[in-house]
Amino acid sequence: MRRTSAVLAAASLAAAVGITGAATPALAATHATTTHTTTTHATTTASYYLSLGDSLAQGVQPNAAGTDVETSQGYADQLYTALKATNPALKLDKLGCPGETTTSMINGGLCTYPDTSQLAQAVAFLKAHLGHVQLVTIDIGANDLNPCIALTVPSQIVTCLEKVIPVAVQNLTTIMTQLRAAAGATTKIIGMSYYDPEAADWLQGTSAGRQLAALSRALLSTYNGDLGKVYTAAGATVADVYTAFHTGGSKPYVTLPAFGSVPRYVAYVCSYTWACAAPPVGPNEHANRLGYAVIANTFLNADLG
């Protein structure tokens, strides 16, 4: 977790100059050894749920040593359980790549796929199973901002965000255009807005930490809006995880035994993620099992309309 005064200053400058988007933290370390294989031959005996994205799509959580590992408790796994209850023939294909950005999703380089990149693999899968894909879900875009957050000079962070965010939005447009073309006009695609683990900065007990928590929410809301416009333009629905995590509100305050009186949105991020966990497990920005269940239910609600 990168919580520094430089990021706070950059967020303030970003708001002042009207930068579009939110500086969200890294969602995973790169797992270059991950190999994804899928069956791309056509079939008439099953239907499919195709899950795409970054570490959240693979259910990444920290283990007891604080190392990020892929789990079977992610939102894709839990959503699949719900969908399979009404479609026993449904099969799940998870192509998500920890650390994936919109650029690497298009070009490859982080995880190994038979068709070079996650996007190329997804397009091949959709074409091979045209008419048999019940649902496609995707979360992508948070990791694009990591190079900016890694900087220490506020003016450099702002300049970085001004360059990176438009590229991320354009890349997502490319991704969604290709997915829609391969899936056909009627296949349901649902994109995800991001929650804000930086809300845990409020627990620092300093005015700077609390300002950062507030600013990160505002910037993330704008960035989610940019991503949402791309999803909608491609005929996709948006699973509003930002709202499902109660990110938007600051009142009322609630009392947590470990932290005292905190805004309700901070309590939720502590309950749904590892962001408030003590070392060595945390702080970690990934959702926990309950948080992934909330994300899965948000996707399910978007699917059911």
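What are the pairs, 6+ residues apart or on separate chains, where a residue within the stretch 215-230 that is of a type in the set (D, E) has its Cβ under 8 Å from a residue that is outside any helix (DSSP H, G or I)? As it stands, the answer is D226/T20; D226/G21, since those pairs meet every condition given.
Is it fair to say G209 is of a type in the set (G, A, S), in contact with a helix residue (DSSP H, G or I) (Cβ under 8 Å, 6 or more places away or on another chain) and not in a helix (DSSP H, G or I)? Can you show your working first?
Details: of a type in the set (G, A, S): yes; in contact with a helix residue (DSSP H, G or I) (Cβ under 8 Å, 6 or more places away or on another chain): yes; not in a helix (DSSP H, G or I): no.
Judged against the criteria, G209 is not a match.
Where in the stretch 214-305 are there helices (runs of 4 or more DSSP H), lying wholly inside it, with at least 2 residues that are over 24 Å from L145 (Cβ atoms)? Walk me through how you get there before you give the answer.
Working: elements: 241-244, 264-272, 289-304.
Here the list reads 264-272, 289-304.
Considering only residues in the stretch 165-206 that are among the β-branched types (V, I, T) and outside any helix (DSSP H, G or I), the one that is modelled with the lowest pLDDT turns out to be T206.
State whether the residues of the stretch 281-296 include one that is buried (at least 22 other Cβ atoms within 10 Å of the Cβ), aliphatic (A, V, I, L, M) and within 26 Å of T177 (Cβ to Cβ). Yes, there is a match, as at least one residue in the stretch 281-296 is buried (at least 22 other Cβ atoms within 10 Å of the Cβ), aliphatic (A, V, I, L, M) and within 26 Å of T177 (Cβ to Cβ).
For L56, the stated conditions do not hold, so it cannot be described as under 23 Å from I175 (Cα atoms), surrounded by fewer than 19 Cβ atoms within 10 Å (Cβ to Cβ) and of a type in the set (A, V, I, L, M). Remark: A183 matches the filter, which requires a residue to be small (G, A, S), under 24 Å from N301 (Cα atoms), more than 17 Å from the chain's Cα centre (by Cα) and surrounded by 18 or more Cβ atoms within 10 Å (Cβ to Cβ).
The values are calculated or read from the model by the stated rules, or taken from the named source; none is laboratory data. Keep in mind that this is a model prediction, so the values were computed, not measured. Heads up, the Cβs are rebuilt from the backbone with ideal geometry, glycines too, and the neighbour counts pull from every protein chain shown.
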